[in-house]
1. Pairs please, first residue from region 91-105 and in contact (Cβ under 8 Å) with a residue 12 or more places away in the chain, second anywhere and polar (S, T, N, Q) and in a helix (DSSP H, G or I), Cβ atoms under 6 Å, 6+ apart in sequence or on different chains.
2. Identify the residue in region 212-258 that is under 30 Å from Q100 (Cα atoms) and basic (K, R) and, among all such residues, is modelled with the highest pLDDT.
3. So which residues in region 1-16 are modelled with pLDDT under 90 and not in a loop (DSSP other than H, G, I, E, B), if there are any at all?
4. Name the pairs whose Cβ atoms lie under 7 Å apart, with the first residue in region 145-162 and surrounded by fewer than 16 Cβ atoms within 10 Å (Cβ to Cβ), the second in a helix (DSSP H, G or I) and of a type in the set (V, I, T), and 6 or more positions between them or separate chains?
5. Residues of region 200-239 being in contact (Cβ under 8 Å) with a residue 24 or more places away in the chain, among the charged types (D, E, K, R) and surrounded by fewer than 21 Cβ atoms within 10 Å (Cβ to Cβ), which ones?
6. Please go through region 184-199 and pick out each residue that is touching a residue at least 40 places away in the same chain (Cβ under 8 Å) and touching a Leu at 6+ places or on another chain (Cβ under 9 Å).
7. Anything in region 211-241 that is part of a loop (DSSP other than H, G, I, E, B) and of a type in the set (A, V, I, L, M)? List them, or say none.
8. So, in region 82-113, exactly how many residues are among the charged types (D, E, K, R) and touching a His at 6+ places or on another chain (Cβ under 6 Å)?
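The values are calculated or read from the model by the stated rules, or taken from the named source; none is laboratory data. From a predicted model like this one, the values you see are computed outputs, not experimental measurements. Positions of Cβ are generated from backbone atoms using ideal geometry, with glycine treated the same way; all protein chains shown enter the neighbour counts.
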Amino acid sequence: MRLDDEAESRNVEDRRGGGGGFRVGGRSIGIGTIIALAVSYFFGINPMTIINGAQVLQGNAPQQQAAPSNAPPANDAGAVFVRRVLGNTERTWQHVFKAQFNQDYPTLKLVMFSGDTQTACGMGQAVMGPFYCPADRKVYINLSFYRELRDRFGAGGDFAQAYVIAHEVGHHVQNVLGIMDKVDQARSRMSREQANALSVRTELQADCFAGVWAAVAQRDNAKLIEPSDFEQGLNAAAVIGDDRLQQQSQGHVVPEAFTHGTSAQRQRWLRRGLSTGDVRQCDTFSAQSL
């Protein structure tokens with residue numbers, strides 16, 4: 001990807017460095033500690049669907065305090081990359097929303113963190129990777145996940161990393177369009193197996209939306225994404241398929257426990273978004289075959 005000319009998003013909060021602190025636009029703000037992130041599993045988990053009985057936080061107004069001394073510099077390469085990718089998703093989805101829905105795209109916040117951090121979705125678990133919290137409309141990501149994605153799963157490259165963010169932004173699009181509310185309501189009336197199957201369709205749609213972003217961004221700037229970049233994204237989609245992850249972790253596959261889709265399914269829906277650039281082609285919920 002060629003991101004040098006991309007304007008950086010101003011909607012990124014930097015909470016890295018421990019001590020419960022985070023920085024916004026150069027200010028340091030103190031915050032409580034309640035959620036732990038590990039990068040040993042796949043990304044895209046919606047905390048609202050996996051945290052049973054989690055307490056929704058009623059956070060106090062943040063107080064200014066000194067930034068933790070061990071926080072990474074605000075302009076390190078990882079932070080700049082995230083801000084540029086998020087900035088592009090904001091401009092691209094604004095274009096899509098105007099063209100396809102005749103409305104503005106409401107931006108989200110992205111939080112970079114290490115250690116613990118507070119969200120509006122309650123207590124997180126160690127198996128969670130990057131995730132979107134619909135209650136506060138924020139994406140949370142520990143940048144060390146990118147190292148895990150590259151070293152453990154063999155899915156390196158800038159576009160693979162951008163796909164991680166784009167997938168979570170896809171959940172935000174679902175939230176804005178009212179899809180997520182309908183899914184949560186339906187899940188509450190289902191068995192666990194049925195709810196898992198609905199989660200698969202939700203995650204595959206987020207993959208398709210990630211593809212829509214890339215396709216439209218490429219149309220707007222032909223130099224942004226190179227042909228080989230798309231292969232990085234498809235590879236990333238494959239290595240975090242439920243079937244492959246289950247086979248690696250437990251030696252066998254349990255389809256009824258799938259929550260994100262198989263490697264082939266994730267690639268198929270990402271490719272559909274890439275090839276069409278059309279949100280309407282991402283209706284996984286009415287698809288007869290995934």
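1. Y105/Q94
2. Across region 212-258, the extreme among qualifying residues is R219.
3. Once the filter is applied, which keeps residues that are modelled with pLDDT under 90 and not in a loop (DSSP other than H, G, I, E, B), region 1-16 yields only R15.
4. Listed by first residue and then by second, the contacts come to G154/V239.
5. Hits for region 200-239 are R201, R219, D220, K223, E226, D229.
6. R187
7. Let us first name the residues in region 211-241 that are part of a loop (DSSP other than H, G, I, E, B), namely 221-226, 240-241.
Selection gives A222, L224, I225, I240.
8. Step one: list which residues in region 82-113 are among the charged types (D, E, K, R), which gives 83-84, 90-91, 98, 104, 109.
Next, from what is left, pick out any that are touching a His at 6+ places or on another chain (Cβ under 6 Å): none.
Counting residues in region 82-113 that are among the charged types (D, E, K, R) and touching a His at 6+ places or on another chain (Cβ under 6 Å) gives 0.
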